[in-house]
1. Residues in segment 11-33 that are within 15 Å of the ligand (Cβ to nearest atom) and closer than 17 Å to residue 95 by Cβ: how many?
2. Tell me the residue from 22, 73, 13 that is at pLDDT 95 or above and loosely packed, with under 13 Cβ neighbours inside 10 Å, please.
3. Just one of (1) at positive phi; (2) crowded, with 18+ Cβ neighbours inside 10 Å; (3) out of contact with any helix residue (DSSP H, G or I) (no Cβ under 7 Å at 6 or more places or on another chain) trips up residue 139, so point out which.
4. Yes or no: segment 148-157 includes at least one residue that is closer than 22 Å to residue 186 by Cβ, within 13 Å of the ligand (Cβ to nearest atom) and buried (at least 16 other Cβ atoms within 10 Å of the Cβ).
5. I'm trying to understand the selection: among the residues of segment 44-61, which are touching a residue at least 60 places away in the same chain (Cβ under 8 Å) and surrounded by fewer than 17 Cβ atoms within 10 Å (Cβ to Cβ)?
6. Being within 16 Å of the ligand (Cβ to nearest atom) and in contact with a strand residue (DSSP E or B) (Cβ under 6 Å, 6 or more places away or on another chain): is that true of residue 108 here?
7. Filtering segment 111-133 down to residues that are more than 10 Å from the ligand (Cβ to nearest atom) and in a helix (DSSP H, G or I), which residue is nearest to residue 50 (Cα to Cα)?
Ligand code: CAA
């Protein structure tokens, strides 16, 4: 980030080892325009390279996590404009983040907003959260992973219904169908995300990194390929001080102090 971002607020140490990024276009329900997505990609890259950060939370506000890609910015574009702008290439940068990302969601998580929280590694929602892929209602379809990640998370039946009708699901339905990790009262959703982030931040950062990579690899590989990938990452962790610390702490009946080395 060469200058202060306009549409996101970044707090690198919101809590020790935990960074917070708040999407901040409240009047537009955090519609994800090109600038915001570029700022988000750049911020994640910086936080990913910051050794003091072990877990990242992305949030919006009580009314909206994000109501989708910015329809006003896209409305007049031609197919060739879209091809040249290639707005979703920004999302590839987000996907590359090695540290775990938790989406703390309240209110609308629609279209690109739902896709953004599905690009994160875990989702903590307030009981007011609404998830949906309503692009069909504006003559298009999901373009940032909605047909893929939603289907893998909730299965074909519900994904097909959501994508073809644009219907929203509640936080409880999202929890029941495996889309999100937990639902809490609206005043607690950020605290709950921080609680989860703290649990992760207390683990070995190298272990967390390779474990995240291995879980994500399950989406792109056969079982045998995934098992080989997992096994190599497991063996690799024996090169870390954290492995020695973690196992010695267990044997010595004390809490481990992981340094990320
Ligand atoms: N893009 C641009 N502006 C948006 C927006 C979006 N996705 N969503 C909301 N806004 C704007 C509204 O235009 C409105 O602006 P004005 O005050 O200037 O009119 C402001 O945010 C507040 O919105 P509403 O008045 O509509 O608020 P509401 O509470 O009545 O309704 C809503 C909320 C149901 C979320 C409604 O805003 C809505 O349907 N938004 C669009 C949802 C959508 O279709 N998302 C998919 C976008 S396409 C996409 O995301 C493609 C992809 O795969 C990445």
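The values are calculated or read from the model by the stated rules, or taken from the named source; none is laboratory data. If you're wondering where the values come from, they're calculated on a predicted model, not measured in any experiment. We place every Cβ from the backbone using ideal geometry, glycine too, and count neighbours over all the protein chains shown.
1. 1
2. Working: 22 fails: loosely packed, with under 13 Cβ neighbours inside 10 Å; 73 fails: loosely packed, with under 13 Cβ neighbours inside 10 Å.
Step by step, each of 22, 73, 13 is checked, and only 13 is at pLDDT 95 or above and loosely packed, with under 13 Cβ neighbours inside 10 Å.
3. Among (1) at positive phi; (2) crowded, with 18+ Cβ neighbours inside 10 Å; (3) out of contact with any helix residue (DSSP H, G or I) (no Cβ under 7 Å at 6 or more places or on another chain), residue 139 violates only (2).
4. No: segment 148-157 contains no residue that is closer than 22 Å to residue 186 by Cβ, within 13 Å of the ligand (Cβ to nearest atom) and buried (at least 16 other Cβ atoms within 10 Å of the Cβ).
5. 51
6. Yes, satisfied.
7. Restricting attention to segment 111-133, the residues satisfying the condition of being more than 10 Å from the ligand (Cβ to nearest atom) are 117-129, 131.
Now narrow it down to the ones that are in a helix (DSSP H, G or I): 117-119.
On the way: 117: 22, 118: 24, 119: 21 Å.
Taking the candidates together, the pick is 119.
Residue by residue, here is whether (1) over 26 Å from the mean Cα position of the chain (by Cα); (2) closer than 30 Å to residue 106 by Cβ; (3) loosely packed, with under 12 Cβ neighbours inside 10 Å holds:
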| site | (1), (2), (3) |
| --- | --- |
| 214 | no, no, no |
| 223 | no, no, yes |
| 227 | no, no, no |
| 231 | no, no, yes |
| 245 | yes, no, no |
| 253 | yes, no, yes |
